[in-house]
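The values are calculated or read from the model by the stated rules, or taken from the named source; none is laboratory data. These numbers come from a predicted model, not from an experiment. Quick reminder, even Gly has a Cβ in these numbers, built from the backbone with ideal geometry, and neighbours come from all protein chains shown.
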């Protein structure tokens, strides 16, 4: 009986060694034909997980004085065979979602982290049959030779690529962006995600020592500025021992809906949305910063051929001054007229 058990262990070990050798051989084989892709991949975020490592060091690591836990670095694709199990076989949606299971991947198909429960809705692109590879190019996935720090730098696809030109994918044409919609005219410095994301997840009390998460919410919406453009902001509170760390960084939610947010969602909740007084760490590439909330609704008249911007307060002031000026002129003219009549 003992010999049989030892035999099984030996077979299992031999199989493991064979699989490791097979993966190594496969990598070597891939490089023979896909040399440039293999070289670029060594600096890609999929391979290095640099974004996770850098964000941790900017946020919780800075607060707690610790290195990035190995658990966090598990989101790392080592070999070509992790995604391409058979030669010429492209990864499918399941492969992408199984790795991107904490945020954008599961949200895209209508679930919350680890598919623990259904979310409000899937992304409109998913319901229209678009898969990850319909938008994300091989250069974004394999890397383009540049050592980026965060996904927002590495991902080149933009909403405009399809919606400005009505590109057809899978027999369906993308709905054209309408530049004449007033909200589009007024918000040229705001990313499409900021208005058209139905929700995203903000996480609270991720315990580094136990790996447990106290709660997450999809009801909060925040904004950060990145290189002068506004993006949704992901807020996360992390715990370690008796300390807590709060971080905020830009995110591109994969929960797009045709219906945009109401004006009141931002303009009536400015302090919360714009993270006024945020006392945590900002994570992300250079250019990420707290955005100043608009103190009033601004009407950009440059869109109408007039090189002038006017906010509602200024407009109200001008109207009041105009009325007072009109009354003053009217009273002066009346006084002059009465003086002449009396004279």
Subject >> Filter result (touching a helix residue (DSSP H, G or I) at 6+ places or on another chain (Cβ under 9 Å) and surrounded by fewer than 22 Cβ atoms within 10 Å (Cβ to Cβ)) within the range 240-255 >> reply: 240, 241, 243, 244, 245, 246, 252
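One residue is enough: does the range 262-273 have a residue meeting the conditions modelled with pLDDT of 80 or more and not assigned by TED's automatic domain parsing to the domain that holds residue 102?
Looking only at the range 262-273, we keep the residues that are modelled with pLDDT of 80 or more, and these are 262-273.
With not assigned by TED's automatic domain parsing to the domain that holds residue 102 added as a condition, the list becomes none.
Looking for residues that are modelled with pLDDT of 80 or more and not assigned by TED's automatic domain parsing to the domain that holds residue 102, one finds none in the range 262-273, hence no.
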Original post:
Looking at (1) surrounded by 13 or more Cβ atoms within 10 Å (Cβ to Cβ); (2) out of contact with any helix residue (DSSP H, G or I) (no Cβ under 9 Å at 6 or more places or on another chain); (3) at pLDDT below 90, can you tell me which one residue 50 breaks?
Top reply: (3)
**OP:** Name the residue, out of 150, 164, that is farther than 25 Å from residue 34 by Cβ, in the same structural domain as residue 48 (by TED's automatic domain parsing) and surrounded by 12 or more Cβ atoms within 10 Å (Cβ to Cβ).
**Re:** 150
**OP:** Residue by residue through the range 114-160, note down the ones that are assigned to a helix (DSSP H, G or I) and touching a strand residue (DSSP E or B) at 6+ places or on another chain (Cβ under 7 Å).
**Re:** 124, 125, 134, 152
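In the set 139, 114, which member is at pLDDT below 95 and either on the phi < 0 side of the Ramachandran plot or under 17 Å from the mean Cα position of the chain (by Cα) (or both)?
Answer to the selection: 139.
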Original post:
Could you list, in sequence order, the residues of the range 210-254 that are more than 21 Å from residue 105 (Cα to Cα) and either outside any strand (DSSP E or B) or not assigned by TED's automatic domain parsing to the domain that holds residue 286 (or both)?
Top reply: 210, 227, 228, 241, 242
**OP:** Please specify each residue of the range 66-80 satisfying the condition of being surrounded by fewer than 17 Cβ atoms within 10 Å (Cβ to Cβ) and farther than 30 Å from residue 239 by Cα.
**Re:** 79
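Results for (1) modelled with pLDDT under 85; (2) touching a strand residue (DSSP E or B) at 6+ places or on another chain (Cβ under 8 Å), shown as yes or no for each residue.
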position: 6; (1), (2): yes, no
position: 15; (1), (2): yes, no
position: 37; (1), (2): no, no
position: 45; (1), (2): no, no
position: 56; (1), (2): no, no
position: 61; (1), (2): no, no
position: 66; (1), (2): no, yes
position: 93; (1), (2): no, no
